[in-house]
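Worksheet: the structure to be examined is printed underneath.
The values are calculated or read from the model by the stated rules, or taken from the named source; none is laboratory data. What you see is a predicted model, and the numbers here were worked out from it, not measured in a lab. So basically every Cβ, Gly included, is an ideal-geometry build from the backbone, and we count neighbours across all protein chains shown.
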Amino acid sequence: MSAPAGIHRVGVVGCGAMGSGIAEVCAGAGLDVRVAVRTPDALEAGRGRLLRSLDRSVRKGRLSEQQRGALLARVEFSTDLADLADRQLVVEAIREQEEDKVQLFAQLDKLVTADDAILASNTSSVPIVRLALATGRPGQVLGLHFFSPVPAMPLVELIGSPFTGAEAHERARLFVGEVLGKTAILSPDRTGFVVNALLIPYLLNAIRMVQSGLVSAETVDQGMVLGCSHPVGPLKLADLIGLDVVAQIAAALHDEFGEPQYAAPDLLSRMVAGGLLGRKSGRGFYAHP
Ligand SMILES: NC(=O)c1ccc[n+]([C@@H]2O[C@H](COP(=O)([O-])OP(=O)(O)OC[C@H]3O[C@@H](n4cnc5c(N)ncnc54)[C@H](O)[C@@H]3O)[C@@H](O)[C@H]2O)c1
């Protein structure tokens, strides 16, 4: 039977926090998923990340053992990008380095065979138009910006460039809504799209407040959780996102708009330089044992 967006075979490039989550939700939606990573070590790390997430879902009763097995059977891993040749949609989720992503899109363009295959990026800050122009099929390139943790977060920002074709855009919208069961909002191709353009200055202001030494991270977080009904405070959220990712998006916003509100506070820069990246490194504003 034909899927609503005509997408059955999905490729994911990179299997870190986001790539493994995207692979998980695609396989959970019954799709045939192939994940490409660069090295055998990255493959083992990515597979481990997916297994841990599925085990957590089984423990919490969100998934039966049988569903876990069926989902895993739909995910293949490879260290050869060429194994994505037959994919109808490829979602790139490698680290946030523009040159790496541009190079990858040029490679995908050469090897993905179907003319109507969609090449999507989960980038937080790289202009989609630059990725589109790295390919010979800019009409098929767009942004699919998932949120972390992917299985739990209902939103995906769908970002077209001035070159994205109406059909690719519509198929991506159907894919997010009808296949993955998430909500797509149409975001502009400007740094930060909608959500990060609003969220990052808020996180940076919270970090500046802690940097002033007048208030603790715990107090700021408590203020926003209890005073504004946010599910999590800004410093804890920054830890969950990754302080390096926050700093990278801030730098991209600052480059594009040049406004002081986007400049990374010294405290953030020093924590990143010191490897205090939040949950992923075990310590940020909080300890994450
Ligand atoms: N973490 C978040 O909350 C979040 C949210 C939305 C979007 N994003 C974006 O998703 C992307 C991935 O973020 P992440 O948090 O999963 O990062 P991560 O560091 O957890 O994972 C990155 C993965 O990419 C692989 N990789 C790095 N360079 C590569 C290359 N040149 N070719 C192939 N693989 C490569 C790494 O081995 C790793 O598996 C980034 O563009 C990030 O901005 C992150």
message: I need the full set of residues from the range 138-160 which are part of a strand (DSSP E or B) and buried (at least 18 other Cβ atoms within 10 Å of the Cβ), in order please.
response: Val141, Leu142, Gly143, Leu144, His145, Phe146, Val156, Glu157, Leu158, Ile159, Gly160
message: Which condition from (1) more than 24 Å from Arg9 (Cβ to Cβ); (2) at pLDDT below 95; (3) more than 13 Å from the ligand (Cβ to nearest atom) is the one that Asp115 breaks?
response: (1)
field: Residues located in the range 1-59, provided they are more than 24 Å from Asp86 (Cβ to Cβ), among the basic types (Lys, Arg) and touching a residue at least 12 places away in the same chain (Cβ under 8 Å)
entry: Arg49
message: Any residue that is touching a residue at least 40 places away in the same chain (Cβ under 8 Å), more than 21 Å from the chain's Cα centre (by Cα) and farther than 27 Å from Ile128 by Cα - is there at least one of those in the range 217-236?
response: yes
task: Name every residue in the range 53-83 that is within 12 Å of the ligand (Cβ to nearest atom) and closer than 24 Å to Ala168 by Cα, in order of residue number.
output: Leu81
statement: Being over 25 Å from Arg190 (Cα atoms) and touching a residue at least 40 places away in the same chain (Cβ under 8 Å) narrows Glu65, Glu92, Glu76, Glu96 down to just Glu76
Selected residue (only one of Val12, Val33 is buried (at least 22 other Cβ atoms within 10 Å of the Cβ), within 13 Å of the ligand (Cβ to nearest atom) and not in a helix (DSSP H, G or I)): Val12
message: From the list Phe257, Phe175, exactly one residue is in contact (Cβ under 8 Å) with a residue 40 or more places away in the chain and under 21 Å from Ser148 (Cβ atoms). Which is it?
response: Phe175
message: Yes or no: the range 85-96 includes at least one residue that is modelled with pLDDT under 95, surrounded by 15 or more Cβ atoms within 10 Å (Cβ to Cβ), closer than 23 Å to Gly139 by Cα and within 12 Å of the ligand (Cβ to nearest atom).
response: yes
- request: For the range 181-194, state whether one or more residues are outside any strand (DSSP E or B), under 25 Å from Asp86 (Cβ atoms) and in contact with a His (Cβ under 9 Å, 6 or more places away or on another chain).
  value: no
- prompt: Mind checking whether some residue in the range 201-220 is surrounded by 20 or more Cβ atoms within 10 Å (Cβ to Cβ) and in a loop (DSSP other than H, G, I, E, B)?
  reply: no
query: How about the range 232-250: which of its residues are within 12 Å of Ile207 (Cβ to Cβ), within 11 Å of the ligand (Cβ to nearest atom) and out of contact with any strand residue (DSSP E or B) (no Cβ under 8 Å at 6 or more places or on another chain)?
result: Leu237, Val246
message: Which numbered condition in (1) in contact with a strand residue (DSSP E or B) (Cβ under 6 Å, 6 or more places away or on another chain); (2) not in a loop (DSSP other than H, G, I, E, B) is the only one that Leu253 fails?
response: (1)
task: Only residues that are of a type in the set (Gly, Ala, Ser) and outside any loop (DSSP other than H, G, I, E, B): list them for the range 256-289, please.
output: Ser269, Ala273, Gly278, Ser281, Ala287
